[in-house]
Amino acid sequence: DGVLVSQLSRPCRMMLLVNPQSGKGQALTLYNNHIQRMLNEAGVPHTLVITERQNHARELVKEADLSQWDALVIMSGDGLLFEVINGLLERPDWEQAIQTPLGILPGGSGNALAASIHHYSGSSPVSSEELLLSCGFLLCKGLVSRMDLVSIHLSSSPRLFSFLSLAWGFVADVDIESEKYRHVGAARFTVGTLVRLASLRVYKGRLAYLPASEDYNNQEGLRNNVTLHCNNQTLSLDLCHPSRDSVRQNTFHNSCHSNNSLKVRRTESTVSKSPSKALSGPPDSLLLPLDQPLPVDWVAVQEEDFVLMLAMYQSHLAEDLFAAPDAAPDDGVIHLFYVRAGISRAALLKLFLAMEKGAHLGTNCQHLVYVKVRALRLEPFSPKGIITVDGEVVEYGPVQAEVHRGLGRLITG
Ligand code: ADP
Ligand code: MG
């Protein structure tokens, strides 16, 4: 079903998950003072579920009878939605489950998705309680859009799904170091940025990506098959089964190793759904295993010294960080930013200040690079460090990501 925007059914049976510990610990108070009445007046019956611990929401949606619910809404920071999305995609019926419309009300200290939804509605920027009221209003309107989700591969953890961001270097460090300033709410990122600037450092690693082609926007439903050409031999790879094909590719690679003009040609073809039902969540058609060389049509970034790498798929990284002004919830694009080492503290501060208005790309900063991609791979060199997915710490080490266009549904109003 190719409907891009739909309307929540009425009456809508909504599960509202509230994390009483998120942000300044005020989510329940905010619910009682604002949201309860708003939803009741709009005729949106809802069942309140108060989360008791980490992973409570994840387990709950993994087991829930989803036929009982028309929407799952979380009132917390982005961390709780991350749990809900991963819980849905861990279900055997993930394909159906991830169609459940998801909503968010800002109750945490990191409310990036709420700020993004507010931005998509065309309203001018607001923060704190005004943002909550705006998101409550949009929720009552109940328009549902498709939402891109990004699958994240780490070296030994199970695959994750991400709706917001993948970060390494400066941004990831600030995100995690600033958790101790959680009591100041959204201002925690500003405080954290200033602290980190004082001890600015270089992060070493290798970055590569698959650029999003210009005509990609009109090619929903297409998957890529790759054909390798070498010494008049041809090998077609079905990248829906990367592990199986990578063995074949390696054999092929070895038989051609003396020929350095190996070319990969990308051919578009419509591929039916993966037969591998054992895998929960959609297959990744663009990725080879992390310990394999990159597909040849990927672009390897020349620099190995970075200050940050930030991949975004929503417009806002925080209430006041309008990091990806171009981003739409279902554009099928990973907005990849990186800042090369050598940038001065003053220039980096200027970038972050400009980001409040989404003006950082217009500052002509020579160290900032922005590219739209469909997949990426990062291999940090240092043995220790921080990588975040949607603001949550994940296993540190090599990581790769692929966007799944419109996999989820988001109540955008
Ligand atoms: P914040 O923006 O304040 O970080 P999040 O939504 O990211 O808010 O929530 C932070 C974490 O709190 C999430 O990882 C979630 O699993 C966890 N959590 C949920 N409910 C509780 C609870 N009752 N007590 C402690 N932690 C909780
Ligand atoms: Mg959080």
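The values are calculated or read from the model by the stated rules, or taken from the named source; none is laboratory data. Please read these numbers as outputs of a predicted model, since none were measured by experiment. Positions of Cβ are backbone-derived with ideal geometry, glycine not excepted, and every protein chain shown enters the neighbour counts. Heavy atoms of the whole protein, side chains included, go into the accessibility calculation; ligands, DNA and RNA do not. Shrake-Rupley method; radii C 1.70, N 1.55, O 1.52, S 1.80 Å.
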- Item | Selection from region 58-69 of residues that are open to solvent by 30 Å² or more (accessible area, probe 1.4 Å) and not polar (S, T, N, Q) | Arg58, Glu59, Leu60, Lys62, Glu63, Asp65, Trp69
- Any idea how many residues of region 174-209 are away from ligand 2 (no atom under 15 Å from the Cβ) and touching a Lys or Arg at 6+ places or on another chain (Cβ under 7 Å)? 3
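Which residue out of Ala375, Ala401, Ala354, Ala347 is surrounded by fewer than 18 Cβ atoms within 10 Å (Cβ to Cβ), in contact (Cβ under 8 Å) with a residue 12 or more places away in the chain and either small (Gly, Ala, Ser) or within 16 Å of ligand 2 (Cβ to nearest atom) (or both)?
After ruling out the rest, the residue left standing is Ala347.
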- Message: For region 333-340, check the following and say yes or no: at least one residue is out of contact with any Lys or Arg (no Cβ under 7 Å at 6 or more places or on another chain), modelled with pLDDT under 95 and not basic (Lys, Arg).
- Response: no
- Starting from residues that are over 25 Å from Gly87 (Cβ atoms) and open to solvent by 50 Å² or more (accessible area, probe 1.4 Å), keep the ones in region 39-52 and report whichever is nearest to ligand 1 (Cβ to nearest atom). Asn40
- Query: If we scan region 384-396, do we find a residue that is crowded, with 23+ Cβ neighbours inside 10 Å, not in a strand (DSSP E or B) and not charged (D, E, K, R)?
  - Reply: yes
- Query: Do any residues in region 173-188 that are open to solvent by 50 Å² or more (accessible area, probe 1.4 Å) have Cβ atoms under 7 Å from those of residues that are of a type in the set (Ser, Thr, Tyr) and modelled with pLDDT of 85 or more, where the two are at least six apart or on different chains, and which pairs are they?
  - Reply: Arg182/Ser109
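Working only within region 115-127, note down all residues that are under 15 Å from Leu317 (Cα atoms) and of a type outside the set (A, V, I, L, M, F, W, C).
Ser116, His118, His119, Tyr120, Pro125, Ser127
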- Task: Pick out, from region 74-169, the helices (runs of 4 or more DSSP H) lying fully within it that include 2 or more residues that are at pLDDT 95 or above and in contact with a Ser or Thr (Cβ under 7 Å, 6 or more places away or on another chain).
- Result: 78-89, 112-120, 128-141
- Message: Among the listed residues Asn55, Asn32, identify the single one that is open to solvent by 20 Å² or more (accessible area, probe 1.4 Å), without any contact (Cβ under 8 Å) to a residue 24 or more places away in the chain and either assigned by TED's automatic domain parsing to the domain that holds Cys12 or of a type in the set (Asp, Glu) (or both).
- Response: Asn32
- Task: For region 16-43, enumerate the residues that are closer than 17 Å to Ile411 by Cβ and within 23 Å of the chain's Cα centre (by Cα).
- Result: Leu16, Leu17, Val18
- Filtered residue count, region 81-103, keeping only those that are closer than 20 Å to Val389 by Cα and open to solvent by less than 10 Å² (accessible area, probe 1.4 Å): 10
- Query: Within the bounds of region 38-47, is there any residue that is closer than 25 Å to Val184 by Cα and in a loop (DSSP other than H, G, I, E, B)?
  - Reply: no
